[in-house]
Structures are given as C-alpha cells and as structure tokens.
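The values are calculated or read from the model by the stated rules, or taken from the named source; none is laboratory data. These figures come from a predicted structure and were not determined experimentally. Cβ atoms come from the backbone with ideal geometry, glycine included; neighbour counts cover every protein chain shown. Note: areas computed on protein heavy atoms with side chains; ligands, DNA, RNA excluded. Shrake-Rupley method; radii C 1.70, N 1.55, O 1.52, S 1.80 Å.
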Amino acid sequence: MSAERIVMISSGQPSLNPRLVKEADTLTAAGFEVTVLYAYWNDWGTRYDKELLFEKKWKAIRVGGDPKQKRFAWFFSRLIFKLTRGRLQKTGDFNKLADIAIARSSYFLIEEAGKHPADLYIAHNLGALPAAANTAAAYEKPYGFDAEDFHRQEVNDDTGAFHFKICKFIEDKYLPWAAYLTASSPLITEQYVSLYNREITTLLNVFPKTALTTRTENKDKPLKLFWFSQTIGPNRGLELIIEAVGLSSTATELHLLGQPTEGYRQQLEDQAGTAGIDKSRIKFYPPVKGDEIFKMARQFDIGIASETGFCLNNNLALSNKIFTYIQSGLAVAASDTPAQCGLIAQYPRTGKIYHDAKELADIINFYDQNRAQLLQTQKAAFEIGQTELNWEHEAEKFLGVINNVLADNH
C-alpha cells in the first residue's frame, strides 16, 4: 500500500518558517509522502534553503521566480500582484481577484498545487490558503490551515485598511470549511474560535529537544543579554532594551542577531551613546541557520522577548524567540503582552515579566547581583524545555489531528 500524500504550501521559504519544516519532518517520519510548495522571500533565506533542503527527505518545489535567476517568473508574479491589488483597492470587489492578490506568489502556488494530487493539503499562511483550498476542492480532498499569526491584525489594528479587508475576506471564505485549524498560541486560538466557533488545536512555536548541556555559573563576568529576529528594526522593543541597559547599574553586554534595516544599526548605536553605553557593549550578528541558533544562544545569560504589542496579533502571539530562550537554558525577560504574561505565569521558574525600561533594568540588576538565582532559573528553563515545551510534545498533537482528518475522509 502506497504512502498517503500530503502537500504543504507556503508563500514564504522553508528556512524562514520553522513550523512548516517541523511539520514536514514529523509527517515524513510518520510515513507520509510530503511535498512542500513555496516561494522566494529573500536572499539569505535562499542560501539557507539550499543547505536545509539538501538533507530533507521530503520534496520541495519553489514557484514564482526570484530576482536573480528566474527573473521572468519573478517579474510576472510582481506584475500580477501589483495589478490585482491595485484593482481591488479601487473596486473593493474581493470576490474576483482576492485569491491571487493576497500574496505575490499566490497565482503560481495555485497553478502548481493543481499538478499534485494528494490526500491532504495544508496551507501555512494566507498567501497559500487559496491554493490549498481550491486544489483540495478539485480533487475532492480535505485541507487544513496553520494560523501562526492572527493575520487580519498582523500589521496593525486599522480595520479599514486594505490588509485587514483582504485577509478577513480570505479567512472568511476558506477557514470555515477547512478540515482542521491549528494556531500557534492559546490566545490566537481563542481569537479564531470566537470568529468561527469551531475546534482549533494550539501547537506552540517550540522546537525539538536540544542536546543536554551542563550550564556553569557566570560568577563575575558581565551578563550577556541576547535578542534575535529575522530583522533588526523598529517596533520590536529594542529601543526600550537600550534604555534599560543604560539605566542598569551593571556593565551588561547586548547581543543582537538578525538583518538590520537600513540605518537602524546606526540609530541604535546613537541611542546607546546618548544613554552612556559604550558601542563595544553592543554586538551584532548576521542571521544564522535555524538549527544553529540554539548553539549560539547557550553562550548568553538572559534572553529578552521584547514584543511591543503594537497590534492585536503581537499581543496574542508567542514567538519562537521566547521558546528558543527557554529551550536553550536562558533566563527569560519578557515584555508584558497578554500572551507572554500567560506563559510566564504558567512557567514562573523560567524568568520574569517587565512593563517598562526601569523594570527591565531592575531584572538585569537582580540577576547580576544574584548569580546563583540566575543559574537556577537557567537550569529550570532548560528542564522545562526538555520535559514540556518541546516539539516532541506538540508533534503528538499534530499527528493526532492529521490522522483524524485522514480517517474521516476515508
């Protein structure tokens, strides 16, 4: 008997979407035949895709071109995207063009997905949802959707904005009919349940268990603070972190990993200088492959999850950042978004919540003056990452959802 086939679809790149990679690996290990359809997002993601995909047992197909090699498809995809969105912004008639205007690659994902008969189609973002839903309908098969974010309010909370309107249209059109929905935090799950009154499974943004390491106490060296994201830029709480480091009474180092937006590194360094922080105490690192982040994180003391709550989604989400800190054995200093407050309340041994720069400075000072407590917090975080907050735990829930959907469809 041949393996059941699953097509996973994303309008981004695998190396930039750890959830997609974890789910594809889990399904492949469980005996499914997995094909991933995806699209170009940026250059450094493309470099890491080559290394990532080389070692995977699932098949990956990129569509929609790119600016360096498949330039015609890239140009055509951008033209379609621009024209359809322009038309929708003028007419407001989402019924005709929203499916291909939701993302640059949506048209090409729809075209490619139709070539792949499967037993289940899974969309990993709204740009992929029309492809999954329409192909599933054509083959009379089910489709699912993974809501890593609350998409209609992912950019801002302006309900009159085009982004809100097109995302709401796509979600309202397809989510009620999906065979299953998963979401990346309890509060995102609650938000979608309130809209669609249906069962949704929460799958946290955690990672496979990390190798057991012995954590040694940092007795007298400067504390090393760590923050990372794909992009180092505004609306990420970094300005507040700089302010807090300036307010603290210790010579802390701040280590930032990601791709700075134009001019932003200089902006941070200027702010640091104004706050009396020597530029040498702020270290910048380029993006690294997903599996390397844990090796890197272990050398630091405190991980800062600095979500600003600039939109509803940012308040509801639990990013992979906070789980990376926990699973790497760092003490966590987390901003006071509802989602992060809920997580730290559930796992208080992993770290502390701050509401403003002074409170973050107080946390830094506390751990600097109580190094034994810092070590205890780090060990507790690592233990919780090994026993509860890991992908092995979430993968069981994920496979349960998939198997139930396929069993219902037989």
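A few points about this structure:
- Efficiency of FRET from Cβ geometry, LYS358 and PHE54, R₀ 56 Å, rounded to 0.05: 0.70
- The coefficient of translational diffusion for segment 276-341, derived via Stokes-Einstein from the alpha carbon Kirkwood radius under 10 °C and 1.306 mPa s, stands at 120 µm²/s.
- Heavy-atom SASA rank of LYS219, LYS141, LYS56 (probe 1.4 Å, accessible area, largest first): LYS219, LYS141, LYS56
- Within the accessible area of the chain (1.4 Å probe), percent carbon and sulfur: 51 percent
- Over the chain, dividing the summed -39,500 (n - 2.57) contributions of all DSSP H runs of at least 4 residues by the number of residues returns a 222 nm mean residue ellipticity of -14500 deg cm²/dmol.
- Under the criterion of Cα pairs below 8 Å and six or more residues apart, the relative contact order for the chain equals 14 percent.
- Listed candidates [x] 1.01; [y] 1.37; [z] 1.25 - label of the one calculated as Cα Rg over 2.2 N^0.38 Å: [x]
- The solvent-accessible area of ASP66, taken with every protein chain present and a 1.4 Å probe, is close to 10 Å².
- An oblate overall shape is assigned to segment 302-410, the ratio a/c of its alpha-carbon gyration tensor axes (a ≥ b ≥ c) being 1.5 or greater and a/b not exceeding b/c.
- FRET efficiency for GLU392 and ASN370, using Cβ-Cβ distance with R0 set to 35 Å, rounded to 0.05: 0.60
- Spin-label pair GLU262/ALA3, simplified geometry with 7 Å Cα→Cβ offset, distance in nm: 4.5 nm
- FRET efficiency, GLN69 to GLN271 (Cβ-Cβ, R0 45 Å, nearest 0.05): 0.70
- Extending 7 Å from the Cα toward the beta-carbon at both ASN403 and PHE284 defines two label points whose distance is 4.9 nm.
- Of GLN153, GLN386, GLN230, the one that fluctuates the most in a GNM where the chain has Cα springs shorter than 10 Å: GLN230
- Under 5 Å from the amide H of PHE228 lie the amide H atoms of LEU257, each residue being 5 or more positions distant or on a separate chain, with H modelled from the backbone and absent for Pro and chain starts.
- Length gained when the stretch GLN299-PHE162 is fully extended (0.36 nm per residue, less Cα-Cα span): 45.0 nm
- On Cα atoms only, tilt of 43-54 relative to the major axis of the chain in degrees: 70 degrees
- Residues in segment 8-24 that a label on THR201 would reach, taking backbone N under 18 Å of a point 7 Å out along Cα→Cβ: 8-9, 19-24
- Solvent-accessible heavy-atom area per residue, rounded to whole Å², over the chain at 1.4 Å: 45 Å²
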